[in-house]
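Reviewing the structure listed below.
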Amino acid sequence: MLYFITSNNHKCAEIRKLTDIPIVQRDLSYPEIQADTLQEVAESGAEYCYPRLGEPCFVEDSGLFCDALRGFPGPYSNYVYRTLGCEGILRLVSQNRNAHFASVIAYHDGSEVNLFMGEIRGTLAETIKGEKGFGFDPIFIPEGETRTFAEMETEEKNLYSHRGKAFTAFISYLNQVR
Ligand code: ITT
């Protein structure tokens, strides 16, 4: 069993499809520090959560990085999604539509924190497309595809996604140390 500390049910649903290990979701409402990197946010989240839960656990911090906006919204993606939304990002970006999603999983095993990263490059769609998924899924088309993440089933998104990659790296680490 693994504890996943998150308030985001979508993230948890995606991760559950990637493993047979039971994933127990807990929302500890951990404070997200204001930092320039996902790594710092995730690491400090895991350090906050472990002593409160008293069990090994992981957090995941992720974001959308737009090339035309020099990486914005990046670690501020949650806030920017709630304020500007998908439409707002599309309005900010015109010529250069390249972007990537990144995910960092921070696992506290009781003595230390280990980080696992995943990234997927792609482009921003011209318009919002699809109803599945969450967040910026309706505007992100992964490399090699013509559909947005929001037009894919979870299993398919997982094959490409930043979160799928980070979690797969985390599971291979667990298989080595356990
Ligand atoms: P927790 O911190 O509680 O896990 P959260 O939704 O606040 O949940 P983040 O702080 O990591 O998570 O915010 C990342 C934001 O980036 C998220 O709210 C989405 O708007 C966006 N995002 C990250 N991964 C995404 C994905 O796979 N698809 C669409 N949008 C994503």
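Points worth noting:
- Summarising the label geometry, the points placed 7 Å from Cα in the beta-carbon direction at GLU126 and GLN176 lie 4.5 nm from one another.
- Taken over the chain, the ratio of Cα radius of gyration to 2.2 N^0.38 Å equals 1.01.
- The residue among PHE101, ALA35, PRO51 whose Cα reaches farthest toward the positive pole of the charge dipole of the range 1-106, with charges on the beta-carbon of Lys, Arg, Asp and Glu, is PHE101.
- For ASP36, ASP20, ASP67, ASP137, order by how many other beta-carbon atoms lie within 10 Å, fewest first: ASP20, ASP36, ASP67, ASP137
- Cα centroid separation - the range 1-53 against the range 137-160, whole Å: 23 Å
- Multiplying the residue separation of GLU153 and ILE21 by 0.36 nm and removing their Cα-Cα distance gives an extension gain of 45.4 nm.
- Efficiency of FRET from Cβ geometry, THR168 and ALA35, R₀ 35 Å, rounded to 0.05: 0.90
- Sorted by Cβ neighbour density within 10 Å, fewest at the top, the residues THR37, THR148, THR154: THR37, THR154, THR148
- Cα→Cβ-extended label distance, 7 Å offset, between MET117 and GLU87, nm: 3.6 nm
- Fewest-first sequence of VAL41, VAL104, VAL24, VAL113 by Cβ atoms within 10 Å of each Cβ: VAL24, VAL113, VAL41, VAL104
- Potential lengthening of the chain between TYR79 and LEU28 amounts to 16.5 nm, from the contour at 0.36 nm per residue minus the alpha-carbon distance.
Every read-out reported here was derived from the displayed coordinates using simple, explicitly stated rules and does not represent laboratory data. Nothing here was measured: the structure is a model prediction, and the numbers come from that model. Using ideal geometry, Cβ is built from the backbone for each residue, glycine included, and neighbour counts are taken over all protein chains shown.
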